[in-house]
Structures are given as structure tokens and as C-alpha cells.
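The values are calculated or read from the model by the stated rules, or taken from the named source; none is laboratory data. Keep in mind that what you see is a predicted model, and the values were worked out from it rather than measured. Neighbour counts are summed over all protein chains in view; Cβ atoms, including those assigned to glycine, are modelled from backbone coordinates with ideal geometry.
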Amino acid sequence: MAEVVEHNKSFNSLESVISIKGLRKAFGDNKVINGFDFDLKRGENVVVLGKSGSGKSVLIKLIIGLMKPDQGSIEVFKDKVETLSTSQLDEMRVKVGFLFQSNALYDSMTVRENLEFPLRRHRKKTSKEEVNKLVMEALTNVGLPQTVDMMPSELSGGMRKRIALARTLILKPEIILYDEPTTGLDPITGKEISHLMLDIQKKYNTSSIIISHDINCVKIVANRIVMLIDGICYATGTYNELENSTDTRVKQFFE
């Protein structure tokens, strides 16, 4: 049986860093997001659960402005994403880190160069000394300072995931979006990554949306779970609340 981490903290009284109301997105006759309402509170980890093709990835793309909604509103730090200019979206994305399922490391760059890349793009005036300090701090946070001059091809799958997370952390985002963070990892490494996500939440008070099919990861990291079914927030609650639901559409995810 997988480990369950108790999350006793209540987030209800805290401010929302993401607020979604009446969100709709269709592709032809396929209504992928069909009236979705959701709030992410400051410091909260929310896992979005849904079947393949249910719209989880579309939801993430809408939040960071890679897609435009057909209807509804998305507010990130109280800014309406759908109204932001390209430069304003870039500024917003500095505060919103994204961990790709594929890690998206540059194979031709060392670990150091991979981590320096977002700094050079978004913080061009940062000194060389400060860049080095931020690189080493990010690597230390994921337990891999010794890999700084290695190539991605020299790293294991779990190490590459940690380096990708370090690159996400280097701009010190307030929100992190995780896309299947443990996919392709063995159970032990997946558990280590899940606990690392918890450590980051506690250390930096990050707010996170986590897309995951890994029920072991969900048990460890989720303060709350949102069920994305039929394009809506079909159900929400803690792991234990949803696991004990009598609704068959909810229970199927926990069997």
C-alpha cells in the first residue's frame, strides 16, 4: 500500500492565486472544457485527475496563455490571462514555473547551461556571480550539486527529472505546474520526486497544480484533488474523501 501523507492545513481562508470561472474550450464538436470552475489557494498543492483525453493538458495550456478560451475567465495573480499582451504573458510566466513531462532539457547543453538558460532569457542583468549562485542553489535544492558540469545523457531518468525541476525553480516561481512528474520513473524514484515536490512546497510556499495518473504520487503530494470529468470540476476533496466516495465515476480512479 502506498504511503499517505496527511495534509491537515486548511487553505480555504487564503487568497486565490489562480481563479477560473465558467471556462469553456471546444475543438469542433468536442467540448473538452465545458464550464470549469476552480480556485488554487496560496501554498496549496492540487492534483487534477481525469482520464486520458479529458482535457487536463488543455487546462494547463489555457492557464499559461498558450490557448485562448472560448468562454469564461482565468485570473492568475488577479490578472485576466486572456486579456494579457505577449509581453505581459512573458512576465506572468516568470512567476509560473512549468515542469514538462519530457523534462525538456537541452541535450547539447551541460546541466549548468540548462539552468542558466531561463536566467539569460528573463534576467539579463544578473551578474555572472549571481547566476552561478542561483544555479548552485537550485541544484542543492534537488540534491544534485555535483552534476553541474555533466551532460543530460550522463544522468539517470530520476536525475534528469530533478534537474528539470531545478531549472523550473531557478526563477523562484510562486506557482508550479507539474505535468505527470513521475511518469516513466520506477516506484522508488517516483516516491523521491513526490517528496521533493512536498519539500519545495514547504520551503518556498509554492502553489501547484499537478497532473498525474500516479496514485502513489497523488497520495503524497495532494492537499486537494479535482476530478476533471465531462469538462467540469466534477468532484473535489482530499484523497481520503474521494477514495471513500460512493460515486462510481469517482471511485474508479481509486480502485
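Data table
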| item | result |
| --- | --- |
| Matching residues in the range 28-72 - criterion: being touching a helix residue (DSSP H, G or I) at 6+ places or on another chain (Cβ under 9 Å) and free of Cβ contacts under 8 Å to residues at least 24 places away in the same chain | Leu66, Lys68 |
| Thr126 vs. criteria among the hydroxyl-bearing types (Ser, Thr, Tyr), surrounded by fewer than 19 Cβ atoms within 10 Å (Cβ to Cβ) and part of a helix (DSSP H, G or I) | no |
| Index of the failed condition, Tyr106 passing every other in (1) at pLDDT 90 or above; (2) in contact with a Phe, Trp or Tyr (Cβ under 9 Å, 6 or more places away or on another chain) | (1) |
| Selection count, the range 110-126, where residues are without any contact (Cβ under 8 Å) to a residue 40 or more places away in the chain and over 16 Å from Thr147 (Cβ atoms) | 5 |
| Flag if Gly184 is at positive phi and crowded, with 22+ Cβ neighbours inside 10 Å | no |
| Cβ-Cβ under 8 Å pairs, at least 6 apart or on other chains, the range 155-166 side at negative phi, far side small (Gly, Ala, Ser) and in a helix (DSSP H, G or I) | Ala166/Ala138 |
| Unmet criterion (only one of (1) hydroxyl-bearing (Ser, Thr, Tyr); (2) in contact with a Lys or Arg (Cβ under 9 Å, 6 or more places away or on another chain); (3) buried (at least 19 other Cβ atoms within 10 Å of the Cβ)) for Tyr178 | (2) |
| Per-region count, the range 130-175, residues assigned to a loop (DSSP other than H, G, I, E, B) and either surrounded by 22 or more Cβ atoms within 10 Å (Cβ to Cβ) or over 13 Å from the mean Cα position of the chain (by Cα) (or both) | 12 |
| Residue count, the range 176-189 (criterion: part of a helix (DSSP H, G or I) and of a type outside the set (A, V, I, L, M, F, W, C)) | 2 |
| Pick from the range 88-122, criterion among the small types (Gly, Ala, Ser) and surrounded by fewer than 16 Cβ atoms within 10 Å (Cβ to Cβ), ranking: nearest to Tyr178 (Cα to Cα) | Ser102 |
| Only listed residue being over 22 Å from Asp37 (Cα atoms) and β-branched (Val, Ile, Thr), chosen from Ile188, Ile225 | Ile188 |
